[in-house]
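What follows is calculated from the coordinates using simple rules that are stated; it is not laboratory data. None of these values were measured; they are calculated from a predicted model. No Cβ is skipped: glycine too gets one built from the backbone with ideal geometry, and neighbour counts run over all protein chains shown.
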Amino acid sequence: MAKVSRSPGYVYVASSWRNNFHGEVVATLHNAGIEAYDFKTVPTAFSWDHVGLAHANGLTTRNPTLAEYFTGIEHPRALEGFNSDFNAMQRADAVVLVLPCNRSAHLELGWAVGQGKRTAVVFDNEDDVVPELMYRMVDFMTSSLTDLLRWLGATDNSSQSGKE
């Protein structure tokens, strides 16, 4: 199930804005000398509130209408954010999905599987797993950042042990 090859030159890290573990994964990859795309820190980082569409995830009390969504997704700022993320996905040697996350990150992972890129799912814990049958498509699954680095063909160069 696990494709192992040379250390990737570039990793796309897919997750959710609400996922705090995502930053630890990106930092661990950087500390190991792996360039990783962090959608949260790039200059084109996109949030729905940039186009007036905060949604009911604790930020507002209602989701947008379909008409509002169709307008928002065509906004130049949404197109800029999409192009930044998609260009990074195309450039990536590997795509790592960090759980928990929602639809966009899963769509990114599915696209990467279809493109034949190396793919991994990183679980945020071992004690409260939401089973997903289609994760069988990915090359590697773990909750250990050390194991992720090993699978990627790198070693952890940080003084922190990372999440094991």
Helix-only mean residue ellipticity at 222 nm for the chain, each DSSP H run of n ≥ 4 adding -39500 (n - 2.57), per residue, nearest 500: -10000 deg cm²/dmol
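If you stretched the chain out fully between Glu74 and Met134, how much longer would it get, using 0.36 nm times the residue separation minus the C-alpha to C-alpha distance?
On the way: separation 60, 0.36 × 60 = 21.60 nm, distance 3.04 nm.
Additional length available on full extension: 18.6 nm.
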Which Cα, out of Val130, Gly110, Ala120, lies furthest along the positive dipole direction of the stretch 101-142 (beta carbon charges, K/R +1, D/E -1)? Gly110
At 7 Å along Cα-to-Cβ for each site, give me the label-to-label distance between Ser144 and Asp49 in nm. 3.9
In what order do Ile34, Ile73 fall by count of nearby beta-carbon atoms within 10 Å, going from fewest to most? Ile73, Ile34
Peptides 140-147, 102-109: what's the order by average Cβ count within 10 Å, highest mean first? 140-147, 102-109
Net charge dipole size for the chain [Lys, Arg +1 and Asp, Glu -1 on Cβ; Debye, nearest 20]: 340
Amide hydrogen neighbours beyond the local backbone of Ala14, cut-off 5 Å, H modeled: Val96, Leu97, Val98
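I want the local charge near Tyr10. Using Cβ-Cβ distances under 10 Å, sum +1 for each Lys or Arg and -1 for each Asp or Glu among the other residues.
Details: positive: Arg91; negative: Glu35, Asp93.
The answer is -1.
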